[in-house]
Structures are given as structure tokens and as C-alpha cells.
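Data first, discussion second: the structure below is written as C-alpha cells.
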Amino acid sequence: MKIVYMGTPEFAVPALERLNADGYEIPFVVTQPDAVRDRGKKIKYSPVKEKALELGLAVMQPVKLRKDEEFIDMLRKTAPDLIVVAAYGQILPREILDIPPLGCVNIHGSLLPRFRGAAPIQRAIMEGDEETGITIMYMADGIDTGDMLAKRATPIGRKTGQQLHDELAVMGAELLAETIPQLGSIEAERQNDEDSTYAPMISKQEGHVDFADGPEKIERKIRAFDPWPGTYAYLDDRMMKLWAAEVADKKTDAADGTVIGADGDGLDVASAGGVLRITEIQMPGKKRVAVREYLKGNSIEIGTVLR
């Protein structure tokens, strides 16, 4: 079987590795154009490009897929049996969706129709869902609206965004490998649009903590935004990144953001009548450290207000 693979970030790497290991013919891999870093001094390849080159696979990087008629014509001439997509980063036009006889299949990091969109892993943690998972689906004209071929779930528990990302990336590769041999015999399931929710892209600004949100919501955001973009509050005029926290079994009438405790257990901060215990922080220019370690050489006064 001839498969063209489209993907860009780390999430898409395990599936490419699995397709290659399973012996499928991969004429080329499609990924986003190289990024420019440090004011144009360094070129950064996508993780998928790095892996494809390591595997000895050809790489294509169209800038605007929809308008690249030369690329689309080349894809037609390649005549893949199947196109597999995982977090590619561009919408596939109908011209491409219609090329492979087995269709275009997407690996999505949620249990559709919940959390269609760009950031399903983080949003599932933020919303307090008990589980999430992987959906293998046919691609359609809408955003993550296609018929579903297979699903696999996993509990979220206390996982961070990074931990859940890594788990789902491997799970997606495994489920894809199981699904491809069954294409044509699986009866795809249509999504119920009435049950759908959307997971918009994460912005850096969302990382700013509002202590009026309550400790449960903030704790989930801290986990969801680890490692990117990270959550933060301001200690005086310094940005303090918050990397780990827990909900303390306490109540308080102190104003939101007020430090009511600072010791070896962490920073206890008032939040909507409850208390968020921050246990790991990072100050500007420093490494992530446990609060107990930070307090050995620094002090945070009771009554200080984080904002």
C-alpha cells in the first residue's frame, strides 16, 4: 500500500515511525515549511521533517497547500492509496481529499465529537474531563467533522499536558496501525454534531492566572499548559511561572491572589474562597524549582498579593 503522510509536530512522529516500520511504501512526507528562529539566523525543521530525513524519506513542504497547484498535480501523479494526516497544520482542500481511493484518514487527539479543533489535549484537562483518547477518522470539508473509524480512551487523572500528549501520540500510532488493514470493511460512524465541542488554539495570554477562577480550575490549567505556554502570575513586577499545584483542603476569606501561607508545603494562595497550594515555580532567568527549595534562599511575605 502506498501512503502519503502529512504531519508537523512531535505528536505526529510516532505514527510516521510506525507506518515506516510496518513496511508501507511512503513516497514522501508532507510537513509545514521550516521555521526561522533567532531573527533569521537559524532554520528549524519540524519534528516530522527531522524524523522523515532520519528514515531516509523524501519531504515536501508546500507553503499554502490550497493554492499550490503544482504540488496537488504531483500528488495526483503519485497516486497514493491512502493519505494519513496527524496535526499537519493546514486544511486539505477537496481536490486532495478526493485523490486517494482509500480516502484521507486523520489521527485526532480526543474522543470526537468532543473537542474538535487545534488544542483537544489541553482543553480536555482544563475542562476536568475524566477521560480522553484518540479518534481515527475520515477527513471531510469541516474541521474534524468526518466519519469515525476507531476510538481508544485513556483516563486523564493528574496527567500534565506533556504526559497526555506523549501517551496519545503513541496510542494514535498503534490505533492507526490496527485500523489501516481494515479500511473498506469498517463501517464508519457519523459524528453527532449536536454533541460536538470545540477546542480552540492555546495562546500565551491564556497562561495568565486569574485567582478568582478557583483552585480546581487553576490547578487543571497549570497541568494542561505544561510545558507550553505555561501558567504565570506576577510577584511584584516579576513573572512567576507556576508549574505544579494542588487544591488545599482549606477555606479563606482573604482576597484572591493573597499569599496566606509560605513554607515547605508550598505557597498557599487565596482563590475564590478556597486555597491553591503552589508547589513548583520558576522565576525569570532561573530553572523550575520546588517552592520549598526557593524559600531556602528567598522569602515571600504572608499578605503578598500575586496578580
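The values are calculated or read from the model by the stated rules, or taken from the named source; none is laboratory data. Remember, predicted model here, so these are calculated numbers, not experimental data. We place every Cβ from the backbone using ideal geometry, glycine too, and count neighbours over all the protein chains shown. Accessible surface areas use protein heavy atoms only, side chains included; no ligands, DNA or RNA. Shrake-Rupley method; radii C 1.70, N 1.55, O 1.52, S 1.80 Å.
Taking the residues in the stretch 116-147 that are open to solvent by 10 Å² or more (accessible area, probe 1.4 Å) and hydrophobic (A, V, I, L, M, F, W, C) as candidates, determine which candidate is nearest to Glu219 (Cα to Cα).
Met126
Would a scan of the stretch 260-280 turn up a residue that is over 24 Å from the mean Cα position of the chain (by Cα), under 19 Å from Arg158 (Cα atoms) and not in a strand (DSSP E or B)?
Within the stretch 260-280, one or more residues are over 24 Å from the mean Cα position of the chain (by Cα), under 19 Å from Arg158 (Cα atoms) and not in a strand (DSSP E or B).
Could you list all residues from the stretch 225-234 that are open to solvent by less than 10 Å² (accessible area, probe 1.4 Å) and assigned to a strand (DSSP E or B)?
If the condition is that a residue be open to solvent by less than 10 Å² (accessible area, probe 1.4 Å) and assigned to a strand (DSSP E or B), then Thr231, Ala233 are the ones that fit.
Going through the stretch 46-66 one residue at a time, which ones are in a helix (DSSP H, G or I) and out of contact with any Gly (no Cβ under 8 Å at 6 or more places or on another chain)?
Result: Pro47, Lys49, Glu50, Lys51, Ala52, Leu53, Glu54, Leu65, Arg66.
May I ask you to verify whether Val36 is over 22 Å from the mean Cα position of the chain (by Cα), open to solvent by 20 Å² or more (accessible area, probe 1.4 Å) and of a type in the set (Val, Ile, Thr)?
Criteria not met by Val36.
Can you find a residue that is in a loop (DSSP other than H, G, I, E, B), open to solvent by 30 Å² or more (accessible area, probe 1.4 Å) and out of contact with any Pro (no Cβ under 7 Å at 6 or more places or on another chain) anywhere in the stretch 240-248?
no
Would a scan of the stretch 67-83 turn up a residue that is at pLDDT below 95, open to solvent by less than 10 Å² (accessible area, probe 1.4 Å) and assigned to a helix (DSSP H, G or I)?
Among the residues of the stretch 67-83, not one is at pLDDT below 95, open to solvent by less than 10 Å² (accessible area, probe 1.4 Å) and assigned to a helix (DSSP H, G or I), which makes the answer no.
Taking the conditions exactly as written (out of contact with any His (no Cβ under 7 Å at 6 or more places or on another chain), within 30 Å of Lys2 (Cα to Cα) and without any contact (Cβ under 8 Å) to a residue 40 or more places away in the chain), does Gly142 satisfy them or not?
Answer is yes for this residue.
Can you name the condition, by its number, that Phe225 falls short on among (1) in contact with an Asp or Glu (Cβ under 8 Å, 6 or more places away or on another chain); (2) under 30 Å from Glu25 (Cβ atoms)?
If we test Phe225 against (1) in contact with an Asp or Glu (Cβ under 8 Å, 6 or more places away or on another chain); (2) under 30 Å from Glu25 (Cβ atoms), just (2) comes out false.
Using beta carbons and a limit of 6 Å, which pairs, at least six apart or on different chains, have the first residue in the stretch 189-218 and farther than 23 Å from Arg114 by Cα and the second one β-branched (Val, Ile, Thr) and outside any loop (DSSP other than H, G, I, E, B)?
Once the first residue is farther than 23 Å from Arg114 by Cα and sits in the stretch 189-218, its partners that are β-branched (Val, Ile, Thr) and outside any loop (DSSP other than H, G, I, E, B) give Val209/Ile218; Val209/Thr231; Pro215/Val247.
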